[in-house]
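Beneath this line is the structure, given in structure tokens, with notes to follow.
The values are calculated or read from the model by the stated rules, or taken from the named source; none is laboratory data. In this text, all values refer to a predicted model and were calculated from it rather than measured experimentally. Using ideal geometry, Cβ is built from the backbone for each residue, glycine included, and neighbour counts are taken over all protein chains shown.
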């Protein structure tokens with residue numbers, strides 16, 4: 001069969017040449033389709049990663065992101081106020097704490113007893 005195809009090509013049969021051209025074209029189109037499919041898939045994965053899985057138009061995604069940023073900003077301000085209050089209370093806290101170890105009984109050694117001392 002392959003010999004017949006080669007003989008037809010050498011004889012200049014336009015139908016066999018047309019079939020080979022069409023097969024080459026189909027092969028090129030298939031490779032091109034595969035390359036485009038892989039590129040679109042990669043872009044889709046990138047878009048999903050950038051939007052954090054939020055569905056909808058890009059405007060909706062950006063609005064959701066801005067809402068998150070604003071909520072985070074409000075939370076940060078609240079935490080900063082709490083830290084300021086705590087920093088003002090720190091000087092009023094205990095300034096000295098000490099643990100004293102001693103022998104409570106003469107027959108027991110090793111300073112097994114202890115007492116805690118706290119001062120303002």
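Things worth noting here:
- Some residue of region 69-90 being part of a helix (DSSP H, G or I), modelled with pLDDT under 85 and touching a helix residue (DSSP H, G or I) at 6+ places or on another chain (Cβ under 9 Å): no
- Which numbered condition residue 113 misses (of (1) at positive phi; (2) at pLDDT below 75): (1)
- Failed item in (1) in contact with a helix residue (DSSP H, G or I) (Cβ under 6 Å, 6 or more places away or on another chain); (2) outside any helix (DSSP H, G or I), with residue 56 passing the rest: (1)
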